[in-house]
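The values are calculated or read from the model by the stated rules, or taken from the named source; none is laboratory data. A quick note: this is a predicted structure, and the numbers were derived from the prediction, not measured. No Cβ is skipped: glycine too gets one built from the backbone with ideal geometry, and neighbour counts run over all protein chains shown.
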């Protein structure tokens, strides 16, 4: 049976879910698929291309949302479903900013806020960076806890994320002529 791009991506996602980004290499992927590394490159240009495809897979469950709040929570849920999901999506977002479509929807929902084009880009970047940063921190802490390097926290990460998101939304609702200085 011939190797397909779909098989490669499925296997990579399996490694990511089970072991995390640190264990996802092209060599490991080839070994798990029982092929030579070169066979992967017929279907995937390089690891960066693979990460971009994986980011799309990770964010695929994110549906349409009527509000920025709903979209942010849906993106967070999708990221948390895959070990190191936020790190993969953050890397892919840098490598291919027009790639992970769920992140682009943040900007679409901000267009109704009456911001200038530049303010809309900045606001979208701030919200996306908040989502990715908050989930990366949460997943990193979980990894250290699994490794026995940190004690489990009792904090309510859902509430903490929601609180931070509400700060952004309140700031956007009060946005008129740009940020205020303290």
Notebook entry, point to check: Looking at residue 85, is it in the same structural domain as residue 159 (by TED's automatic domain parsing) and touching a helix residue (DSSP H, G or I) at 6+ places or on another chain (Cβ under 7 Å)?
Noted result: yes
By residue number, the members of the range 54-77 that are surrounded by fewer than 21 Cβ atoms within 10 Å (Cβ to Cβ) and part of a helix (DSSP H, G or I) are 56, 57, 69, 70, 73, 74, 77
By residue number, the members of the range 130-157 that are farther than 25 Å from residue 92 by Cβ and surrounded by 13 or more Cβ atoms within 10 Å (Cβ to Cβ) are 145, 150
With the first residue restricted to the range 29-42 and required to be farther than 17 Å from residue 18 by Cβ, and the second required to be modelled with pLDDT under 95 and assigned to a loop (DSSP other than H, G, I, E, B), Cβ contacts under 6 Å at 6 or more apart or on different chains are 35/3; 39/3
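How about the range 114-129: which of its residues are surrounded by fewer than 17 Cβ atoms within 10 Å (Cβ to Cβ) and part of a helix (DSSP H, G or I)?
Within the range 114-129, 117, 118, 121, 122, 125, 126, 129 qualify.
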Notebook entry, point to check: Within the range 79-95, can one find any residue that is under 21 Å from residue 15 (Cβ atoms) and free of Cβ contacts under 8 Å to residues at least 24 places away in the same chain?
Noted result: yes
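One line per residue, one yes/no per condition, for (1) modelled with pLDDT under 90; (2) closer than 23 Å to residue 64 by Cα; (3) outside the structural domain of residue 67 (by TED's automatic domain parsing):
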| position | (1), (2), (3) |
| --- | --- |
| 106 | no, yes, no |
| 109 | yes, yes, no |
| 113 | yes, yes, no |
| 124 | no, yes, no |
| 129 | no, yes, no |
| 147 | yes, no, no |
| 150 | yes, no, no |
| 153 | yes, no, no |
| 158 | no, yes, no |
